[in-house]
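Remarks on the structure that follows.
The values are calculated or read from the model by the stated rules, or taken from the named source; none is laboratory data. Quick caveat, the model's predicted, so the values are computed rather than measured. Here the Cβ positions follow ideal geometry from the backbone for every residue, glycine too, while neighbour counts run over all protein chains shown.
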Amino acid sequence: MKAYFLSLFESEQEINQHFTQRDLHRLLAALELSYYARGTNLDIRHPSIGFVAEGLIKEYRRAAKGRPTFMQFIEKGTTFIYHPLWYNNTYKALEPSWVLHIPIEVLSATFQSHRAVANWIEQVWQIHDAGHALPFFLRELDDPKERIQIFLSECGQYMEYLSNRELSQFMAISELQSRKIFGNLL
């Protein structure tokens, strides 16, 4: 599995030209592969860049009061940021999942002088944060039908993993409206 993760880095031609053998060994030594059974929370020890090699992850924003809010699905083949302190988020495996992860600290220390790698890490941050934008974007739309249409096009294939409460929060509609619209789908 480590070879698979390494091949992901090597496939990024802008990045792999900066690798030295020492860099590769440092990455491999820090790389971890974790298995999460369905319904378990991710418990990665360090802030990390992760890659869902298999499975499906659900990301929640924890609230000081009240219930956590659904933020996004992290699908197989997706790179994501695991940093619960910065994001105040929780990650749960919805299917049996294999996650490759490497501490951000190791990546930064290994490649701090390589601009291409720093740019790649920045892109991972931006893509992960872009996933957080959908619920905020949907809440800003005045037309509930438009919200529902956009939601279904982005997340419709995972409806079975969302509760009525999560759907109503995510789309800024009442639970009653959500039940009427999605009742027969849930």
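Considered as a group, the residues in segment 151-169 that are among the polar types (S, T, N, Q) and surrounded by 14 or more Cβ atoms within 10 Å (Cβ to Cβ) include one that is nearest to Phe70 (Cα to Cα), and that residue is Gln169. Does Ile102 fit the bill of being modelled with pLDDT under 80, under 14 Å from Phe51 (Cα atoms), in contact with a Leu (Cβ under 8 Å, 6 or more places away or on another chain) and of a type in the set (A, V, I, L, M)? It is false that Ile102 is modelled with pLDDT under 80, under 14 Å from Phe51 (Cα atoms), in contact with a Leu (Cβ under 8 Å, 6 or more places away or on another chain) and of a type in the set (A, V, I, L, M).
Here Arg139, Arg38, Arg67, Arg45 are screened, and the one residue that is at pLDDT 90 or above, among the basic types (Lys, Arg) and not in a strand (DSSP E or B) is Arg38. Could you check, for segment 6-22, whether at least one of its residues is closer than 24 Å to Gln126 by Cβ, at pLDDT 75 or above and touching a helix residue (DSSP H, G or I) at 6+ places or on another chain (Cβ under 6 Å)? No: segment 6-22 contains no residue that is closer than 24 Å to Gln126 by Cβ, at pLDDT 75 or above and touching a helix residue (DSSP H, G or I) at 6+ places or on another chain (Cβ under 6 Å).
Examine segment 172-179 for a residue that is out of contact with any helix residue (DSSP H, G or I) (no Cβ under 8 Å at 6 or more places or on another chain), modelled with pLDDT under 80 and in a helix (DSSP H, G or I), and state whether such a residue exists. No: segment 172-179 contains no residue that is out of contact with any helix residue (DSSP H, G or I) (no Cβ under 8 Å at 6 or more places or on another chain), modelled with pLDDT under 80 and in a helix (DSSP H, G or I).
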